[in-house]
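The values are calculated or read from the model by the stated rules, or taken from the named source; none is laboratory data. Only a predicted model underlies this, so the values are computations on that prediction, with no experimental measurement involved. Note that we place each Cβ from the backbone using ideal geometry, even for glycine, and neighbour counts take in every protein chain shown.
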Amino acid sequence: MHCICVSIARETVAEGLAVAETISPLADVIEIRLDRLKAISVAPFISQLTKPLLLTNRPIWEGGGFAGDEELRIAPLLEGVQQGVSYVDLELKAPTSSHKALLEEVENSPSRVILSWHNFQETPTKAELVGRLAMIQDKGAHIAKIVTLAHDYHDVLRVLNLQEEAARMDIPLIAFCMGRPGVISRVATGELGGYMTYCAAHEDEATAPGQLSVGVLRQIEALMINGKESTWS
């Protein structure tokens with residue numbers, strides 16, 4: 001069963017907590033975008049929220065907002081692992097030292113590392129996508145994440161087809177496309193074996209192009225399962 005992860009990107013901890021508590025009934029997992037916080041703090045989210053948490057501190061060079069030193073960027077992720085957070089996201093492009101530090105930290109923890117790779121310009125060839133997936137697995141990730149920008153349905157199909165490769169490689173995979181053509185992939189991925197899909201708390205709070213709100217995604221899910229709209233709002 002795939003998970004629906006609601007991504008929250010607010011400037012203050014208080015705002016983030018307020019949004020998280022509001023949408024909690026609709027979310028399976030809540031992602032806290034630490035890189036969007038003016039002052040990063042992990043403990044309040046872990047202590048006050050009951051849903052599984054995913055901590056992400058995305059650097060500028062991977063489309064995020066964190067512009068500081070790499071050790072400072074990784075520190076709150078390590079803290080989250082030490083406190084037993086469910087997931088932490090780290091980029092495939094991050095320094096080897098960051099991969100090593102985080103993977104060593106989770107060895108005696110229930111936390112799981114999502115190693116992610118994004119392409120904000122295009123969707124590469126199947127060979128390159130499979131190569132990225134293999135690199136992520138070789139690094140020792142528990143879960144792989146590959147997200148690209150789709151320009152047409154051919155791009156979408158290449159990314160969705162990665163689930164077959166992931167199944168053969170025996171690694172859970174999060175894979176979908178950004179952009180207008182990629183919207184369908186955010187819905188379809190869960191039906192095709194994808195580990196998780198991401199959505200926004202509200203329509204005007206998308207953290208990536210083509211991201212749906214959790215309310216809309218739950219409505220689509222209800223239509224697919226029951227043939228009628230749910231009471232989610």
Extreme residue, surrounded by the most Cβ atoms within 10 Å (Cβ to Cβ), among residues of the range 90-126 that are more than 30 Å from Leu157 (Cα to Cα) and charged (D, E, K, R): Glu105
Within the range 93-100, is there a residue that is among the hydrophobic types (A, V, I, L, M, F, W, C), within 22 Å of Ala201 (Cα to Cα) and either assigned to a strand (DSSP E or B) or touching a strand residue (DSSP E or B) at 6+ places or on another chain (Cβ under 9 Å) (or both)? no
So which of Thr197, Thr189 ends up being in a helix (DSSP H, G or I) and among the polar types (S, T, N, Q)? Thr189
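Going by what's in this entry, would Thr197 be described as at negative phi and modelled with pLDDT under 95?
No; evaluated as a whole, the condition is false for this residue.
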Determine whether the range 145-152 contains at least one residue that is β-branched (Val, Ile, Thr) and within 28 Å of Ser109 (Cα to Cα). yes
Criterion first (at pLDDT 95 or above, surrounded by 18 or more Cβ atoms within 10 Å (Cβ to Cβ) and either of a type in the set (A, V, I, L, M, F, W, C) or more than 29 Å from Pro95 (Cβ to Cβ) (or both)) does Ala144 satisfy it? yes
For the subset of the range 1-50 comprising residues that are of a type in the set (D, E, K, R) and surrounded by fewer than 18 Cβ atoms within 10 Å (Cβ to Cβ), which member is nearest to Ile225 (Cα to Cα)? Asp28
Flagged in the range 159-212 as of a type in the set (Lys, Arg) and either touching a residue at least 60 places away in the same chain (Cβ under 8 Å) or within 18 Å of Val29 (Cβ to Cβ) (or both), in numbering order, are Arg186
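Please go through the range 206-233 and give me each residue that is of a type outside the set (A, V, I, L, M) and either more than 25 Å from His151 (Cβ to Cβ) or at pLDDT 95 or above (or both), ordered by number. First the steps, then the outcome.
Let us first name the residues in the range 206-233 that are of a type outside the set (A, V, I, L, M), namely 207, 209-211, 213, 215, 218-219, 221, 226-233.
Across the range 206-233, the qualifying residues are Gly215, Arg218, Gln219, Glu221, Asn226, Gly227, Lys228, Glu229, Ser230, Thr231, Trp232, Ser233.
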Would you point out which residue out of Leu115, Leu90, Leu78 is at negative phi and part of a helix (DSSP H, G or I)? Leu78
Conditions first: (1) in a helix (DSSP H, G or I); (2) touching a residue at least 40 places away in the same chain (Cβ under 8 Å). Glu128 passes all but one, so which condition is the exception? (2)
Taking Asp138 as meeting all but one of (1) in contact with a His (Cβ under 7 Å, 6 or more places away or on another chain); (2) assigned to a helix (DSSP H, G or I); (3) closer than 30 Å to Glu105 by Cα, write down the number of the exception. (1)
